[in-house]
Amino acid sequence: MPEARDRLVAEFRRLLGPSGLLTGPAALSVYARDASHLQWGTPLAVALPASEEDLARVVALCAAAGVTVVMRGAGTGLSGGAVPPPGALAVSTARLAGLGPVDAVVGAVRAQPGVLNAAVSRHAAPHGLHFAPDPSSQAASTLGGNIAENAGGPHCLSHGVTSHHLRSLDWCDAEGRPWSTGEPVAVARGLDLRGLLCGSEGTLGIVTGAWLQLTPEPAAVRTLLAEFPALEAATAAVPRLLQAGVLPVAVEIIDQAMIATVEQAFAFGLPLDVEAVMIAELAGPAATADAGARATTDVLLGAGARAVRAAADAAERLALWQCRKRAFGAVGRLSPNYVSMDVVVPLGQLSGLVREIQEVRARFDVKIATAFHAGDGNLHPAVHYDERRAGDRERAHAAADAIIKAALRRGGSVTGEHGVGLEKVHALPWQVDAVSASLLRGIKDVFDPAGRLNPGKALPAAGPAVRYAAIPSRPTSLRVDVDSLAVTAPAGTPVADLQEAVLAHGLWLPLGLAGREPAPGLDGGGTIGEAVARLLEGPMLLARATARDLLLEAWAEAGDGRAFHAGAAVAKNVAGYDLLRLLCGSGGTLATLRAVTLQLRPAPAGCWGWSWTAPGDGDAGGAPAVAPAGHSGPGGSVWLAALAAGCDPLAGLQVVIERSPAGVPTRVLALGGGTQPLLPAGSGGAVVEARRANVGEAAALLSELEAPGWCLGSADWTAWQPVAGAGTALLPPGPDRFLWQHGPRVVWLPGCAPVAAEGWRADIAWRNGHGAPLPPPPPGSPLHVLRGLKRTFDPEGKLGGPGWLTGGGDA
Amino acid sequence: MRDPRPDTRLDGRRDELDALLRRCVQCGLCLPVCATWLATGDETMSPRGRLLLLGDLLAQPADGPAIDPTVSRALATCIGCQACTAACPSGVPASLLEDAVRLAAPSGPAPAAVPGVLLGRLDEPAVLAAIGTLAAVGRGALRALLGPRWRGRLAGRRHVIATIGRLVGSVPRAPRSDRELARCLDRLCGHGEAPTCALPAAAAPRERVLWFAGCAADGLLPESSRRLRDLARWAGAEVVQPAGTACCGALAAHGDQPRRAEELRERNLAAWGGAGDEDGVTALVTEAAGCGVAIRGYGERLPAPQVDAIAWLARAGDRPPFGAVPLKVALHDPCHARHGQGIVAEPRALLRAVPGLVLLEPGEADACCGSGGAWGLRHPGLSAELGERKARHLAATGADLVVTANPGCLGQIADGLASLPHPTPPVLPLGDLLWYAAMRGAGDSRT
Ligand SMILES: Cc1cc2nc3c(=O)[nH]c(=O)nc-3n(C[C@H](O)[C@H](O)[C@H](O)COP(=O)(O)OP(=O)(O)OC[C@H]3O[C@@H](n4cnc5c(N)ncnc54)[C@H](O)[C@@H]3O)c2cc1C
Ligand code: SF4
Ligand code: SF4
């Protein structure tokens, strides 16, 4: 129907102007491709909308004309996500690159989807903040692409992936209708559309804007380069490092083949005679980073490194990261094509998989160079081939498939960050069970019933011939995988039992829920299933995480009793839509959790409590003069303001400090009132020393720590969260309230009268015990989507839920 | 008329180009440094896009269809700034893009506003000097006609006066006399007048260098060029400028006149030949970054290693101290310095050595300003757009002063800044700022 096409093109052109629509052969050829080397169709045309409204209008026009839409950021995707289906309109976000002002109080910024990842950190730098997800493509890749792929990067070891750094998304559906996932807050309960859209590869909705969570820059960074004569020694060193209580912010390994490539490209001076080099980075207050670097050096030397050296200065550090981040680009010097893979396995399986990759290399006679995010168990073997040599491509893909299967046998995932795209549609059924596959397709139908958003991507292959994976046997007792830093437990396991079991291994679940006895603000009765389903939190949440950040894997039953399995015991995983984030905080309305796997962290070696009585008590001698140096975020000022005002919130103030094994203070675990030592429950059985300190000592300690977390110990409190962009002001301290706050995240006020204030949202999640029922959906939510999800998981409505969710008919 | 079919232009180089092209892994890391992509968001105007299109042309049979205009436009708009080459981890060479440009438009579309005859003679200092004078007259007339913010009023418009405005606005200029320069900077710094406005040479030169000023410097910015030599003498150089040199040949080479480029090279080599025989010539110092790259390309026959003037200054270790210049300064690196010669640290080291000076880095620092010599004349609209974008980034730093080290960039940035709708900082040659700092330092040590 050429006339229909012409009419549509004319309409696009009217909307977007002459330079906003490309229809020439040049554009149709260029936009048919991306970094994946995969090819499929020729687009109908390329649209370059310059406003969020125009973007939605373009999508609406496509809906009316029955044209499919493929979004495109920078086309750096490695799984073919941006490769257009035949006749699709390719919609580029290149002209949607606006960044709002940084909300420095909350530590957040709103960005349009075409903003380049690296531009966010440059924009936030004057405020001492940065955007933590740092894919190696960060100079070029866009936020829309990062969000659609749930991109990770070297520093995800400590900071998590893109999904962890989203406050809210604005998006439009396949009809071009605009929606929002709600106010830009840190913790949101309910059906997590933000988590579901993130990683959905442009197949569920189109991101038109995002509020991003920013992270304070660490005061000090130490980057180490270790040379390992044996590759396996390097991979085996990773779990040892974490078990030794060191948590680097990044651990990367480059193998010999990749070293050769990188050296040829950048001549950084890496040794060519070793099987691997490791880059490990430690960050935090100077003393912490130094102590971490010392401990890391010791562990690595003990694990078979022949030498470990520290980057002398910022320039050398930058060069080291450049050579890592540009490694894959450099592969072009060795081979015209390569299959880029990103399988991920539990940390404890890393060495085993590396061994199997060597076998694959020999068996298929292929060249494989690897640089990988070792700390995440995320490997990037690049299998070289030359598409012009007969059979080469097929052989490379067969080798790649063999590696994927090996990773899956080891409990891993086909993709840790690049996404399924076109490339891994065939491999997804090897990982996903039949029920999960039907749930994934059900989700797609709810969002995009006509199948117009990026069809052919992200979902597992379907059809009578497809055989899906079996569900791994559901654990019936608690299992700690020390090497992989993960714990698996039946959902009914009390959190306290779980915590006790992992502490015995020197690990802990960094959730604020723990105490068997009702400690201040803690409930004794929570089970791990409840903690996940209701996103329970305790007062230590903010220095740590919620279950949303820690959930790796779940065994569950849908409302109609169908059992399914989601995720894997790996740190990052983008195989299929993120069912786990959807289950977190859904309050059991979609499915019943049977067992879960959660991420563990090295337990603090000891917590020292410092306490002192308020000024006026004698030794404190008035208000403190010292401000915590270099602290960003409002916490410090609030706390100091409280002191400066001579306030005595709860008869005294105390700080609970976590120390590294070497005795170096690493962070503030808790800050609160009371004269009895405030010890965070579950913080470890190790030495806890309570001491009184005067205000000066405490301030000096805080300035040593530089980026404290804040805590209130009180029996009954209400959670409040700052809303990004709402002009949140710091609440003035007063005798009737006290804040506990970790940088930009949630603030707790004691259970006295809640303070209504501009920019704060009450979030009564936890009032001395149990979580609240599923809160009503935030404004801007598509009720029909939420109800559709409910029907997909629980067609007969057996699991109940609030009326707005179960109510009949589409809203 | 240009030949529409690719193969006749490929001259049997298919295999060679193809082999180079296959180095590109399509990673896209070159996109964010490409000025034409940044300004348009159109990936056909990105390095990766151009290489993909070049690949398409190579894949066509010898008697394939004519090159589509969207393809030739995409290829021909490449500035040749080499930003992408510097960013590319795969080592895809800049020459590929040059080939792509030639393929698309062997002699380029006729420049929109400048007669071809003139374009061919832009490498003659006398012609350039005349252009400089004409431009000054033109600017004066436009100012009289439209008021002091005349350039801003013409920005983005499409009529004859706007085109003339763009042309005369982008002709590089700098303070003619040392006094004028000093007054301008004194005012910005809040300094009182210096007792003497001159820069003394080092008492005992430590190094003897051959000096190549270049036609644009000679023709358009003779005083700035001389001040750069003053600086070199102050820093301990004995400057040798043999007679008989000519244009470096870059313009001819880019204008697809390889024969003329060769001729000019031979003339220069001959002129240096005599001087090079003298003892102790340590370097061949070049002023404009573009000349630097062209002369480096002469290869082994150079009498001494080519060194950019700024880079030479930075490495001249025991020069006297600079005087204070309490200004916030934003620096723009010419592409031929930053990408062509890898000069990044040197100007920064020099500026950081100036007491009181705060160095600011603009956003999109890697990207070309869109001057591109003759390129800017061939693509006036795009060139103006790029200039404004660059100017916006420079102005956004909040700098009191913008500096850069190439005549082309200087004119382009001055025009871009003048086109913005709000007051903007002045722009000066980097060498002029350093000359002033050195002069102030010398003055201080005298008093
Ligand atoms: C050299 C190199 C290194 C890399 N390193 C990493 C790494 O360390 N970690 C990592 O995770 N990835 C990495 N990648 C992969 C890639 O950069 C990421 O997947 C990135 O997030 C893609 O961003 P993009 O802007 O290029 O998106 P594109 O490739 O253009 O698109 C990717 C997907 O996002 C969708 N999309 C784009 N914009 C939107 C939108 N607004 N709304 C909805 N959907 C949208 C597209 O339809 C497509 O499905 C690397 C790639 C390269 C080439
Ligand atoms: S950076 Fe180099 S390899 Fe990557 S797309 Fe650009 S030219 Fe190709
Ligand atoms: S040379 Fe410059 S303009 Fe041409 S593609 Fe490279 S970066 Fe873009």
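Bear in mind these aren't lab numbers, they're just calculated from the coordinates by the rules spelled out. None of these values were measured; they are calculated from a predicted model. FYI the Cβ positions are ideal-geometry reconstructions off the backbone, even for glycines, and counts take in every protein chain you see.
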Per the 1/(1 + (r/R0)^6) rule, R0 = 22 Å and r from the Cβ atoms of B:Ala270 and B:Arg13, FRET efficiency to 0.05 is 0.10
Between B:Glu361 and A:Glu263, what FRET efficiency follows from the Cβ-Cβ distance if R0 is 25 Å, with the result rounded to 0.05? 0.30
I want to check the label-to-label distance for A:Arg14 and A:His397. Put each point 7 Å from Cα in the C-beta direction and report it in nm to one decimal. 4.3 nm
How large is the charge dipole for segment A:2-92, taken about the Cα centre, if only the Cβ atoms of Lys, Arg (+1) and Asp, Glu (-1) carry charge, to the nearest 20 debye? 140 debye
Using DSSP, restrict attention to beta bridges with both residues in segment A:2-92 and report what percent are antiparallel, rounded to the nearest 5. 20 percent
Would you list A:Thr181, A:Thr297 from fewest to most Cβ contacts within 10 Å? A:Thr297, A:Thr181
Compute, for segment B:6-103, the length of the dipole vector about the Cα centre, with Cβ point charges of +1 (Lys, Arg) and -1 (Asp, Glu) only. Units Debye, rounded to 20. 260 debye
Mind running the shape call on segment A:1-113? Use the C-alpha gyration tensor, a ≥ b ≥ c as the square roots of the eigenvalues: rounded below 1.5 for a/c, prolate if a/b tops b/c, oblate otherwise. oblate
Among B:Pro355, B:Thr85, B:Ala250, pick out the residue whose Cα is farthest towards the positive end of the charge dipole of chain B, where Lys and Arg carry +1 and Asp and Glu carry -1 on C-beta, about the Cα centre. B:Pro355
Give me A:His505, A:His123, B:His332 sorted ascending by neighbouring Cβ count inside 10 Å, so fewest comes first. A:His505, A:His123, B:His332
At R0 = 51 Å, how high is the FRET efficiency between A:Trp40 and A:Ala362 if r is their beta carbon distance? Nearest 0.05 is fine. 0.95
Put in order of increasing Cβ neighbours within 10 Å, starting from the fewest, A:Lys457, A:Lys367, A:Lys325, B:Lys390 give A:Lys367, A:Lys325, A:Lys457, B:Lys390
Please determine, in degrees from 0 to 90 and to the nearest 10, the orientation of helix B:125-146 with respect to the longest principal axis defined by the Cα atoms of chain B, where the helix direction is its Cα long axis. 80 degrees
Relative contact order as a percentage, segment B:116-169, C-alpha pairs under 8 Å and 6+ apart, gives 34 percent
Helix axis angle, B:222-234 relative to chain B longest principal axis, alpha carbon, degrees: 60 degrees
Under 12 Å from the Cβ of A:Gln243, count the other residues' Cβ atoms, weight Lys and Arg +1, Asp and Glu -1, and hand me the total. 0
Percent of all Cα-Cα pairs per 10 Å bin for segment A:198-296, counting from 0 up to the last occupied bin, reads 14, 32, 25, 23, 7
Sum -39500 (n - 2.57) across every DSSP H segment of at least 4 residues in chain B, then divide by the residue count to get the 222 nm mean residue ellipticity, nearest 500. -15000 deg cm²/dmol
